[in-house]
Every structure is written in C-alpha cells, then in structure tokens.
Amino acid sequence: MPIKVKYGDYMNWPAAIERYAINKSLQVKSKNPVNVIKKTTDDINYVLSRMPELASKNISDITPEMFHEMLNNHRKANNWHWDAIIDGNKGVYSGKYSDLVRCLVFARDNFTCKICGRSALEDPKLGLHLDHKVPKSQRGDTFSLDNLQCTCESCNLLKQTKSDVDAKNEINDMAESIRKKEE
C-alpha cells in the first residue's frame, strides 16, 4: 500500500487517513488487519463527507477553534446532539469522531512522537497514542486540540501524569544511563 506522505509541506487527508488506518491496524490484535484499515478509513471518510468544509482544508491549517466551530455547525445543521460528538462525562470524543480527532492530531504532528521524536513514517510498527500535554489530572483542557499531541506508546506510558518537560528529562536520563552501561 503506497503512502503519499505529503503535498508540499503538509500532510493531506488521504495520506493521513491511510497512515492512521495502517497504524491502528498494527495496534489492534485483529485476525484481519485489512478489515480494520477499511473500517477505519470508511469511518473517517464518512465523517469528512458530512463535513466538506473540514475535508477541503489542509490539515496544518485547521486550528482548534476552527475544528470546534465546524463540529458545532455540523451538529446544528444535522440536528445532532453535542453528546454524540463529545462525551461530556468521560471528556473524550466518541465513536467515529475519536478516529477523526486522532487522525487529525497524528497528521498535524506528522506521525512523530512529540517527546522522543520517533516517527511512525519511518517505523510503521511504532504504536502511537493520543496524549494530553497538560494531563487531565493537572486540569489540562480535555477538548482542546492545542492540548493534544502524538506520542509513541513507550513515551506515553512513561509520561503518565507528568508534564512533557518532566517526561523528556526522565527519558534523557534513562537514555544516558543506558549509554553509560553500554560503554
């Protein structure tokens, strides 16, 4: 499956959706990854087809405010309930919107861990997670795209409820310790 990574300097929707679906299929313990890729791609394309104003934008041009305005306009135009888009009790995007948000954030961050710098474009088996820069436990904004970032599985599990700075320092200390043991 060829991946067209970028148009110009920015990830485009078809490439982002394809890369996200492949990454998701590698993380899900499924007997048929092709079905995971197809369903994920279909789900995101379905949401985008109902929101042409979002699909027509370059991913890098979509601001958090623009994204929420589009979701609100979409909800009003289709008489959807906001709860169908965001689950206020859990503080997460629900259903097909969850995949859309993850795909958007991963593409915005170029499928690269914002803590260690490893890229799923270079290592397709790198598991990616959606992470809150300021953890929810420290009153980080759950719904803001500005507070969401792409991290690899290792960094996200290590970070837990730490700030990015503390997590980066801990990773650097661990890397230095490993280098010293190897010498």
Subset of the stretch 140-168 (residues that are part of a helix (DSSP H, G or I), in contact with a Lys or Arg (Cβ under 9 Å, 6 or more places away or on another chain) and surrounded by fewer than 16 Cβ atoms within 10 Å (Cβ to Cβ)): ASP146, ASP166
Looking at the stretch 81-102, can you tell me whether even one residue there is closer than 23 Å to LYS136 by Cα, among the polar types (S, T, N, Q) and modelled with pLDDT of 70 or more? yes
Can you confirm whether SER137 is assigned by TED's automatic domain parsing to the domain that holds ILE62 and surrounded by fewer than 17 Cβ atoms within 10 Å (Cβ to Cβ)? no
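The values are calculated or read from the model by the stated rules, or taken from the named source; none is laboratory data. Owing to the predicted nature of the structure, the values given are computational and were not obtained by experimental measurement. Cβ: placed from backbone, ideal geometry, glycine included. Neighbour counts: every protein chain shown.
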